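> This is the structure I want to talk about, given as structure tokens.
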Amino acid sequence: MSDGYFKFNDKTVAFRRGQSLAAALTEAGIFAFRNTPKGEERGLFCGMGVCQDCLLTVDGISNRRACMTKAADGQSVKQQVAFPVLGTFPISPKTPAARKLEPDVAIIGGGAGGLSAAIAARASGASVVVLDEREVGGGQYYKQAVGHYPLDDQQQEGAALLSLAKESGAEIIGSVEIWGAFDGPLFLAECNSAAYIIQPKTVIISTGAYERPVMVPGWTLPGVMTTGAAQTLWRSYRTLPGLRVAVCGSGPLNAQLALELAEGGAEVTILAESAPPPWRAPAAAFKATMADPGLIIKGVSMLRDLKLRGVALHYRTRLKNIERKGNRLRAQFQFNSGQITETEVDAICMNAGFEPQNEILRLLGAEMSYETSAGHLRCQRTSDMETSIPNVFAVGDCTGLGGAPAARAEGTIAGKAAAALLGFDDNFDLTAERRKLARYRRFQANLWKLFDTAPRPVEQKSSDVTICRCEEIKLSEILEGLEPKLSHVGTLKRATRVGMGRCQGRYCGAVAARLVAQVTGKPMDDMSYFAPRVPMKPVSIASILAVEEALSNEN
């Protein structure tokens, strides 16, 4: 049953209460949201506001992200052209005076770690503000249902955590885009067209992670999305990404999604896991079981249910190619034997690991080290979760992947420690939390040994594969830019424009950095990556001016 209608181009689209534009359009079978400068179509990909690819023009305002914009009755929504012509769309009104927040503890990110930190800091007596990019907190793990009852125990647990954070007295502000981070610490943000200046005494960064895609020819086509994006469609909005779906990559999230979609009525034609079966790594499986037998039992039950649902799970199987076939996508997969199989689907969901969303930490100068086995940076912290920057704490997957249970334990520790640093109640015993954290970390360390999430080199024979989604730069162009005298990824950026798009290299940056390291022979470290820059996310000029005016008046 629909709760309203909006126009997409010349088509009337129904939506249900709380649905995002991306969810409503997907449910209507519309996958293409914008056109690139080269004429390619793009659609929903990350589902969490990172990739900046699902842009639409809404009520005359361009560059609205479909995944983060709620559907409303009577909206006029149009497919976004590459670059709207100046003067052909309304200019946003002047932003009101910037609001300044000066809490004892600011928490950036309202997921498992951030909400746990808020509860702990408030229990010690500190004032707390939680700033979350999503309208509804809970983060990626606890994705909250919008307009529906919780789907399962995982969502109920997240709802309970969110309620506890609100009841604690913490101020929780959603739809906040942090676009600037400076010494102080000082943060600049935009929220529903309003400008914010946040100057806390301490800060806890809990921004989570985003998914590492499978870069093959065709991975930028509309209908190809991350596993997390498809899970958001289903868990938050009860919207299937398609009636026929393929899921690929490596990791437990793929199996969870495949089962949820199959239970929701979709036909999952293939679940392609690039790792060998878990019984091929008995030592890691045994250690993970000893660390958390409950989660292992849950995983085994999930595999059993997938089989009962008729989902074809293939180990050591990789996605090779995607192409458009009429109204569907045709995907090629290669088994370990070398045999190729094809499937035609509405949507292809991919996850090959995660990248920590650490831009704020890197802008502030927090010390990082490169973890070769995981292929990403890990933030250095004390046992109290404080980074190398005084008064700056960090918890959860933005520091290096650890999972939601570990993030909750880290959040509690950081919340108490941040409050104690300011002189609030430090009469607390965190022994139990530290023991739980050690157990969760043992579990995660062994769990990831069962999967194939270390970054793989992009096959150079696939020179036509797109590496930079925003700037439409292919592997062949990047390889041409890898000249013998290349000294840094910044040089490659200037030569090819890789990483200069709206997402600031969040997907192509790691690939480019590894290619440069390979050419130069230098080991990967924090300086191997593109330098984060302000603004970290696209922001209206009106908000920048409002912040500038407010800060000027203070001086």
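Every number here is computed from the coordinates shown, using simple stated rules; none is lab data. What you see is a predicted model; the values in this text were computed from it and never measured. Cβ coordinates were reconstructed from backbone atoms using ideal geometry, including for glycine residues, and neighbour counts include every protein chain displayed.
> With r defined as the distance between the Cβ atoms of Lys298 and Met527 and R0 fixed at 35 Å, what FRET efficiency is calculated, to the nearest 0.05? Before the final figure, lay out each step's value.
Values: r = 40 Å, r/R0 = 1.15.
For Lys298 and Met527, the calculated efficiency is 0.30.
> Please work out the Cα center distance from the stretch 365-394 to the stretch 486-521, rounded to the nearest Å.
22 Å
> Using 20 Å bins from zero, what percent of all Cα-Cα pairs in the chain falls into each bin?
21, 58, 20, 0
> Something else now. What list do you get for Arg381, Arg304, Arg17, Arg65 if you sort them by fewest beta carbons within 10 Å? Provide the component values of the computation, followed by the final result.
Working: Arg381 20, Arg304 11, Arg17 14, Arg65 25.
Least crowded to most crowded, the residues run Arg304, Arg17, Arg381, Arg65.
> Give, in whole angstrom and from largest to smallest, the semi-axes √(5λ) of the equivalent ellipsoid of the stretch 4-79, with λ running over the eigenvalues of the Cα gyration tensor. Don't skip to the end; give the middle numbers.
Working: eigenvalues 66, 35, 24 Å².
Working through the eigenvalues yields semi-axes of 18, 13, 11 Å.
> Please give me, ordered by residue number, the GluC sites (Glu not before Pro) of the stretch 420-476 that lie in loop per DSSP and have at most 13 other Cβ atoms within 10 Å. Working shown, then result.
Numbers: sites: Glu433, Glu459, Glu471, Glu472; in loops: Glu459, Glu471, Glu472.
For GluC sites (Glu not before Pro) across the stretch 420-476 that sit outside H, G, I, E and B with at most 13 neighbouring Cβ atoms in 10 Å, the list reads Glu459.
> What FRET efficiency would be calculated for the residue pair Asp426, Gln79, taking the C-beta separation as r and a Förster radius of 51 Å, to the nearest 0.05? Write down the numbers at each step before the final one.
On the way: r = 56 Å, r/R0 = 1.09.
So, using R0 = 51 Å, E works out to roughly 0.35.
> Please rank Leu115, Leu243, fewest neighbouring Cβ atoms within 10 Å first, as an exposure proxy. Please list the in-between numbers first.
Numbers: Leu115 33, Leu243 13.
So the ranking, lowest neighbour count to highest, is Leu243, Leu115.
> Further question on the same structure: How large is ³J(HN,Hα) for each residue in the stretch 419-433, as worked out from phi by the Karplus curve 6.51 cos²θ - 1.76 cosθ + 1.60 (θ = phi - 60°), to whole Hz, x for Gly and Pro?
Karplus-based 3J(HN,Hα) across the stretch 419-433 equals 5, 5, 4, 8, x, 7, 3, 10, 8, 9, 10, 9, 4, 5, 5 Hz.
> My understanding is that a pair violates if its Cα-Cα distance is over 21 Å; which of Lys449/Lys474; Lys287/Lys449; Lys143/Lys436; Lys166/Lys298; Lys287/Lys436 do that in this structure? Walk me through the intermediate numbers first.
Numbers: Lys449/Lys474 31 Å; Lys287/Lys449 11 Å; Lys143/Lys436 23 Å; Lys166/Lys298 30 Å; Lys287/Lys436 15 Å.
From the list (Lys449/Lys474; Lys287/Lys449; Lys143/Lys436; Lys166/Lys298; Lys287/Lys436), the Cα-Cα distance tops 21 Å for Lys449/Lys474; Lys143/Lys436; Lys166/Lys298.
> Considering the dipole of the chain built from charges on the beta carbon (Lys and Arg +1, Asp and Glu -1) around the Cα centre, which of Leu479, Met385, Gly505 is farthest to its positive end?
Looking along the dipole axis, the top candidate is Leu479.
> Sticking with this structure for a sec: What percent of all Cα-Cα pairs in the stretch 216-352 falls into each 5 Å bin, going from 0 up to the bin containing the maximum distance?
It works out to 2, 10, 20, 22, 20, 13, 7, 4, 1, 0, in whole percents.
> Next question, about the same structure. Defining a contact as two alpha carbons under 8 Å apart and six or more residues distant in sequence, what relative contact order in percent does the chain show? Please report the intermediate quantities before stating the final value.
Values: 1264 pairs, mean separation 88.8, N = 555.
Dividing the mean separation by the residue count of the chain yields 16 percent.
> Using a Förster distance of 60 Å, how high is the FRET efficiency between Asn555 and Leu486, based on the Cβ-Cβ distance and rounded to 0.05?
Values: r = 42 Å, r/R0 = 0.70.
Rounded to the nearest 0.05, the efficiency is 0.90.
> Once the convex hull of the C-alpha atoms of the stretch 466-524 is built, how many Å³ does it hold per residue, rounded to a whole number? Walk me through the numbers before you get to the answer.
Working: hull volume 3.7 nm³, N = 59.
Here the figure is 64 Å³ per residue.
> Neighbouring Cβ atoms within 10 Å as the yardstick, rank Leu221, Leu261, Leu515, Leu551 fewest first.
Working: Leu221 20, Leu261 26, Leu515 23, Leu551 14.
Going from least to most buried by this count: Leu551, Leu221, Leu515, Leu261.
> Would you mind pulling out the separation of the Cα centroids of the stretch 531-554 and the stretch 399-455, in Å?
33 Å
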